[in-house]
Each structure stands twice: as structure tokens, then as C-alpha cells.
Amino acid sequence: MNAGESHTLIVRGLMAGPDTPMDVKEHGLFIAGKSVPSRSEATAGVLDPATNQPIARVASGSEDDVGTAVEAARNAFESPEWRGLDPSKRGRLLWLLGQQVRDHFEELARIESLNVGKPIREAKGDIAYVYKLFEYYAGIADKIQGDTIPVPGARLDYTVREPLGVTAHIAPWNYPLLLASRGIAPALAAGDTVVLKPASLTPLTALMLADLAGKAGFPPGVVNVVTGPGRTAGNALADHPDVDSVTFTGSTETGKQIMQIAARRVRPVTLELGGKNPNIVFAEAKMDRALKGVLFGIFQNAGQMCWAGSRLFVHESIRDDFMKKLTDATAKLRVGPGSKEETQMGPLVSREQETSVLGYIEDGTRSGATLLVGGRKAEAADLRAGNFVMPTIFDEVAGDMRIAREEIFGPVLCAFDFREEDELIAAANDTEYGLAAVWTQDLRTAHRVASRLEVGMVTINEFPVTFPQSPFSGFKQSAVGFEQGIDAVDAYTRVKNVMVNLE
Ligand code: NAD
């Protein structure tokens, strides 16, 4: 079982379980343009991580339901309404879906904040990113084209970029709608159809998106959502024989399983996986900006980010001053429910995630790292029922400690210092993951260090930031392939070569 999934309560029978308060909304799967119950009628509770109280019940999709969704997506793919649609009109539908997201902005942000626990301000940023993704790929739909190729003789050789067919998308719980849309938008632009399996902890905005796709005018079956546990619904989707590609964002462990399935099926995958990223502060960095960036880089979304700057490297000449200011600022962060405007850091997504993060903290302390701040559950009476872990910083961390090597996926920063660049690069690259940030005012240092880091993305004097236009990827065990940008569409198309003899 994957971390974070065991608390979902699966009940058989009626959609509402005995623990379900009257005002908890029920949601079906979204297949072929409408909401339908799971064939098994199983449902699962969805909790508010700030209180662990139910906020919704969703249908728990089975292998059969996945089969129905894939069939709906295949039928839609073959239908003249979708296959025969002008690419520019397809682009227009993407644009209209972006507009639907804009029109439902407040509601989507509120639900995302409530379900993930993230501060409402951050959830609004996520939803704004979602409509920008659809708008960006709207403009690309009619620019997906092949080449003419100079070959010997009286021949015309040309390529056509065709859609793949049915694309599967398996999304995590930390940025539920944003990360799902990051794959869905280019797939739709390419003319594919979609079956999305959101994380079982956070299915609500994905279901809304499928409904909004219908409102925007996408034909039924182009966008389908099957909610349910990863080990059943997710696995069935990844392994379905009629799926043409799998886009997965989640843990490296699950990513490896998806890749094994793909190997067996000989099918393309895009994997965006975990991280243990260096956030590097040189002596000449602008201190205030670097401080903000380091705080943001580890405590945004309560540290539940693949690109969290979870390993801080500070030059020894500024170390004492920097660490003091960082510790003071961390102690002042306002921890609370995401729905409160003043909250700067919310709860972890689930009790399992909280237990896992507290376990790492205990391990760090036992291994001899120095705890500078945090290191415990929030003690305020109104936060006790939720999954709140105080923002935590460890100093004096040895490179071989578990907290230095494994992705904690919570608000825990490990600090190291460095003197020489060579020693820094060796330590920063000493991980199986590959994403990073650098803080310096010296352009030569910035570009030299950027080229030496074995990571898919380096941000200089900013952390973390990305745009729909910029490729998003990691090296080593952080990713296979990449998402975002014009070229991400290639992952959702196939190239056909046509050779014409003109003699
Ligand atoms: P997870 O791997 O547990 O789950 C991700 C998704 O896969 C969920 O929808 C889950 O239900 C499903 N799943 C689980 N087991 C499955 C199986 N056997 N077959 C098919 N599907 C299965 O990851 P998570 O805990 O939801 O997310 C956290 C992880 O995601 C972290 O490691 C984080 O670094 C990573 N992540 C990476 C990126 C990136 O862009 N690189 C972005 C966000 C999160």
C-alpha cells in the first residue's frame, strides 16, 4: 500500500457510509460525459487534513470501471466529432476549458485548499497555473506538424505527427489539478483522449475539471476520470491493453512499477518523480532574497513538493548569520488551516504522511543531527486533530544520514555548509535525484555551477518557479522524459513517415 492511502474508508453498498455527515457531497466517476457510480458501488471518504473530518465521498473505481473509461476514451478518439475536428477548433476547446477554469477559479481554489490543506493563497496560484496551461496549449493545437525530408531520387518523403490515441494520466496529491492538467493539456492539444486517475486522497478538483471540459464543449469521452486507490484503479489503468501512453507523477517507487508495466506492454511513459534538491547560497548572494527563497523552497505546500529545496548548502563565511536569520524566520511562520488568509503553512495531507515525516525527524535527532527549530507536531489546541508538523530545520547533518538522502516530503530542511566549489558540487550531486537552485550575484559562478549540477532544472536567484512554457524535468531518478513547453506535445504524438515515389 502506498503512503497516504490507507485512511480512505472503502464501504460497500450505498454511496453514503454510516460515518458520512448529511452535508458531505458524493461524487461518482466521470465517464463518457457523465457522473456514474462505480460498478462495485464502493466509495471512499475524502478528508480535510486540517481536521481529519470527511468533506466528500467519491466512487472507488475498480478494474471494470477503468475498462469502461478506457473504452469511452477509445470511442471518443475514433469519433468524427473528435478525430475529425479541425486542429484550430481543438485549440479553441482548450481555450474555452481555460475560460471555464477561470470562471470557477474561486471554487476550485477553495476545494483544492480544503482537500490538500494548502494555504488558500497557494491554491489560487495552482488554479491560475491550470488555466494558463490550457491557454498555452490551446495555441499549440494547430501548430503540431511534420517535416519534408530531402531524400535521393524522385521521391517525396514527409512526416505526419499523429495523436497516440488513449492517454492515461496518474496524478499525485500535492498539486492535484495542476499536475494532472500538465499532462492533459498537451495530450488534448495533440488530439488524444484522456483517462485520469487522481490520487485517492485528493480527487475533487479532477472531477470538477472533467465536468468543466464538457461545459467547454469537449465531446463526451474525451476527458474521463476514474477515482480510486493506486494499487487497484491506478494499476489497472497503467496496465490496460488499450492505453497508448502513461503519464505518471508521483513517487520514484511507484514510477518504477509503472515503468515495469510499460516495458511489458512496450508503451511510452512520461515519469515525473521524487527529489532531494540542493538549494545553494553563495557568500555574495542577496541575503534577504535568498532567505525568502530558502523558506519558500522548503515550507511552501508544507514541503510536499518534488522540487523542495530540502538540502540547504550555505557558504561557511555567511553561515552563522544566515542560519540565525533563517531559524528566526522559520519559528515565526504561521501554521494553520489552509482556509485562513493569514496561514503561511498548512497541514500535511494525511495522518500517514504526518507519521512518516515525524519518523524522519526522530531518525534525524537519533542520528546526531542538531535540531534548530520545529521537530514536533503543532501543539495549539485547534490544530491537534489535524496533521500539522511544525516547520523544522536540522543542522550538523552528515551526508550519509537518512534525512540527508531520502525524500522526506514534508517541512524538514537539512542544512550543510561548504567552503570550496568542488566540494559543494560533489555533495550537491551526491543524490539519486536531480533538481536544484542557486543563489549568487556572480554571473560566472551562477552559470558555472548550473552547468556542473546534475539536475534537470536550475533556478538562479529564485526558487521555486516554472511556467507552462518551460520544460519541467529532473535527471537521474527524478524523471523520465519531461513535461511543459512546446516539445512536451511530442510525448503525445507519434511520427509517421510517408515516402512517395514520384516516377
Ligand atoms: P504515489 O506514487 O504514492 O502516488 C501517485 C499516484 O499514483 C496516485 O494517484 C496513486 O494513487 C497512484 N498509484 C499508487 N500506486 C500505484 C500503482 N501501483 N499503480 C498505479 N498507480 C499507483 O505518490 P504521492 O505520494 O501521491 O506523491 C508524492 C510523490 O510525488 C513524491 O515522491 C513527489 O516527489 C512526487 N512528485 C513529483 C513531481 C514531479 O514533477 N517530479 C511533482 C509532484 C510530486
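Quick look at the values:
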item: Three semi-axes of the equivalent ellipsoid, segment 76-163, Cα gyration tensor, whole Å, largest first; result: 39, 15, 10
item: Separation of alpha-carbon centers, segment 158-225 and segment 451-503, rounded to whole Å; result: 19 Å
item: Local net charge near residue 433, Cβ-Cβ under 15 Å (Lys/Arg +1, Asp/Glu -1); result: -1
item: Cα centroid of segment 389-444 to Cα centroid of segment 83-105, whole Å; result: 42 Å
item: Mean residue ellipticity (222 nm) of the chain, computed from DSSP H runs ≥ 4 via -39,500 (n - 2.57), nearest 500; result: -11000 deg cm²/dmol
item: Cα-based convex hull volume of segment 116-163 per residue, rounded to whole Å³; result: 103 Å³
item: Rounded D (µm²/s) - the chain, Kirkwood Rh over Cα pairs, Stokes-Einstein at 20 °C, 1.002 mPa s; result: 91 µm²/s
item: In degrees, nearest ten, helix 204-216 long axis to first principal axis of the chain (Cα); result: 40 degrees
item: Long-range tail of P(r) for segment 46-124 (Cα pairs > 20 Å, %); result: 60 percent
item: Rh by Kirkwood over Cα pairs, then Stokes-Einstein D for segment 353-503 at 1.306 mPa s and 10 °C, µm²/s; result: 85 µm²/s
item: P(r) of segment 313-381 over all Cα-Cα pairs, binned every 5 Å from zero, in whole percent; result: 3, 13, 17, 21, 22, 14, 7, 3, 0
item: log10 of Debye I(q)/I(0), alpha-carbon scatterers only, for segment 294-342 at 0.14 Å⁻¹; result: -0.43
item: Computed E for residue 75/residue 469 - FRET, C-beta separation, R0 25 angstrom, nearest 0.05; result: 0.15
item: Amide H contacts under 5 Å for residue 312, placed H, 5+ residues apart; result: 279, 414, 415, 416
item: For residue 27, residues with placed amide H under 5 Å, excluding near neighbours; result: 57, 58, 59
item: Segment 210-358: relative contact order in percent, alpha carbon pairs under 8 Å with at least 6 residues between; result: 15 percent
item: From phi via Karplus (6.51, -1.76, 1.60), per-residue ³J(HN,Hα) for segment 226-237 in Hz, x at Gly/Pro; result: 10, 8, x, x, x, 5, 10, 4, x, 5, 4, 5
item: Residues with amide H under 5 Å from that of residue 479, placed H, sequence gap 5 or more; result: 273, 474
item: Calculated diffusion of segment 160-287, Stokes-Einstein form, Kirkwood radius summed over Cα pairs, 4 °C and 1.567 mPa s, µm²/s; result: 83 µm²/s
item: Hz values of 3J(HN,Hα) by residue in segment 334-347 - Karplus curve (6.51, -1.76, 1.60), Gly and Pro given as x; result: 8, 9, x, x, x, 5, 7, 4, 7, 5, 9, 9, x, x
item: Gyration tensor over alpha-carbon atoms, segment 387-456, equivalent ellipsoid semi-axes in Å; result: 24, 13, 13
item: Gain upon complete extension [residue 242, residue 41; 0.36 nm per residue less C-alpha separation]; result: 69.9 nm
item: Aspartates and glutamates with Cα under 12 Å of residue 286, excluding same-chain neighbours fewer than 8 positions away; result: 442, 462
item: Of 25/377; 143/496; 292/377; 256/496; 340/377; 256/292, those spanning more than 25 Å from alpha-carbon to alpha-carbon; result: 25/377; 256/496; 256/292
item: Cβ-Cβ FRET estimate between residue 320 and residue 422, R0 fixed at 25 Å, reported to 0.05; result: 0.60
item: Computed FRET value (nearest 0.05) for residue 371 with residue 162, which takes r as the C-beta separation and R₀ as 51 Å; result: 0.35
item: Residue-by-residue Karplus 3J(HN,Hα) for segment 27-42, coefficients 6.51, -1.76, 1.60, Hz, glycine and proline x; result: 10, x, 6, 10, 10, 6, x, 8, 7, 9, x, 5, 4, 7, 6, 5
item: Label-to-label distance, nm, for residues given as residue 155 and residue 102 (7 Å Cα→Cβ offset); result: 4.8 nm
item: Length gained when the stretch residue 145-residue 263 is fully extended (0.36 nm per residue, less Cα-Cα span); result: 39.6 nm
item: Charge tally in the Cβ shell below 15 Å around residue 364, where Lys, Arg are +1 and Asp, Glu are -1, residue 364 excluded; result: -1
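FYI, it's all coordinate maths here, none of it is from the lab. It should be emphasised that the depicted structure is a prediction, and the values quoted were computed from it without experimental measurement. All Cβ positions, even for glycine, are placed from backbone atoms using ideal geometry, and neighbour counts span all protein chains on display.
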